[in-house]
Amino acid sequence: MSTICAISTPLGVGGIAVIRISGEGALAAAERVFYPFADKAVSSMEGYTCAYGEVRDKDGRTVDDAVLTVFRAPKSYTGEDVCEISCHGGIYVTKKILRLCIEAGCEPAMAGEFTKRAFINGKLSLTQAEAVSDMLSAEGDYALSSAALARKGRLYADIKKISDSLIKSLGELAAWVDYPEEDIPEVDESELLETLKENRKALKRLLRDYDSGMIIKNGVDTVIAGKPNVGKSTLMNLLLGYDRSIVTDIAGTTRDVIEESVRLGAVTLRISDTAGIHGTDDTVEKMGVELAKSRLEECRLIIAVFDISSPLDDEDRELLDFIAGLKKKTVIVLNKTDKAQAADRTEFERYSDNIIAISAGSGEGREELSGMIETMFTPEDYNADSTVFANERQKMCAERALECIEDAVRALEAGLTLDAVTVTVDRAAEHLAELTGEKAGEAVVNEVFAKFCVGK
Ligand code: GDP
């Protein structure tokens, strides 16, 4: 396999930057660009050692001071020989060193190629590699701990347990089906049925956790609802901490859905500020209203905003009724506490326990609102300790495996031949092997690693 190189740190001005080289020719390539100050050859450096020296170009001119770290196969991230050049973090310097490495015989790495090599060399399972990608983009502590668990192979271990059990059953079935004349103990059908049902349950649990996994990764899907001019945009700006959407005094200005992420303690919200749900003849606004309703139906958290300085009207009640019918986590925000109060707080109390009075304009009550939302989402909601699939690919494999197991259960219960059962159990095991990457096609593997950034 070729020797590859890439800048592994974000491109920009920083304290240090790392250029990573991996492959059989890693040390030879590093030796052509890096010159240790101590009288020592790069090619004779041992694994897990570093050398201080300088990077020089072809004409012997110094490019930068740097530290070279050597990892010897198989004890490296990729399982190959790896050299890392830590230089001063500047775009020009880093790119220049990368170019020198390429001139020294390395090929530029493709996105995710280091991790792909780690996978190929058996350093990581496919689910672990996908978790690395999640760690890189994790937002919030829960997301990070879940990604870290997956990287430790938790999902892999859970799936492996199911697939090992299926394979064990398959072994018994195969022996019985293929060698009926041998003196092999008969397959105990009720025991087999029991095993299949247990695995069905385990897979169903993993699939159910997937939804909470999506919250962890992407943030809680949140909608700010309310009629025009109650202060939705102002509240959104307050939560985001800067002026994001246009705030005007003309009712109905917020027509398009704007989406932003905001961190409240351990919880990340993905908030959209939508049009209010109010009767209108304006077609553009009407579309906005329909959109708002469907967004409310889809989301996980509703922040319903009311202007406490004017009395509750039919439009407010329509929104309250609509939201109450959805039975979702809801916070009722009574806005504009800085003005004289005209609405009656008790009217809201039958709709939600989570009512908070704030002044989005002055920012008063922001902390209380954040605190309230944070307590509504406990780690249990997040299932931060449970194993979750990292993406749709893994989920689809698990769903297919589950379908096959269900077919097998039905076949057994209907008294079909063990041949028929064997075929479906075999297929279930294959889908699981595809999930963990033990039997993933090349296309799947490429698809997974294409999502990485270059240098990882
Ligand atoms: P939206 O249509 O619901 O998005 O409402 P906006 O956020 O555009 O606010 C409508 C008007 O109410 C603007 O003039 C805001 O400055 C004003 N406003 C928002 N929050 C408050 C508040 O807490 N107190 C007062 N006095 N005015 C506010």
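Just so it is clear, none of the values below were taken in a lab; they were calculated from the coordinates. The model shown is predicted, which means the values in this text are computed figures rather than measured ones. Cβ sites come from the backbone with ideal geometry, for glycine too, and all protein chains shown count toward neighbours.
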Write out the GluC sites (Glu not before Pro) in segment 1-104 meeting two conditions: DSSP loop, and at most 10 other Cβ atoms within 10 Å of their Cβ. E46
Please list the non-local residues whose amide H lies under 5 Å from the amide H of I16, H modeled 1.01 Å from N, same-chain partners needing a gap of 5 or more. G89
Provide the FRET efficiency to the nearest 0.05 for the K328-I16 pair, computing r from the beta carbons and using R0 = 51 Å. 0.65
Of K327/K439; K75/K161; K116/K293, those spanning more than 32 Å from alpha-carbon to alpha-carbon: K327/K439; K116/K293
Would you please classify the overall shape of segment 4-109 from the alpha carbon gyration tensor, given that a ≥ b ≥ c denote the square roots of the eigenvalues, rounded means a/c under 1.5, and beyond that prolate means a/b larger than b/c while oblate covers the rest? rounded
With x for Gly and Pro, the residue-by-residue ³J(HN,Hα) of segment 414-429, computed from phi through the Karplus equation 6.51 cos²θ - 1.76 cosθ + 1.60 at θ = phi - 60° and given in whole Hz, is 7, x, 6, 5, 5, 4, 4, 5, 4, 4, 6, 5, 4, 5, 4, 4
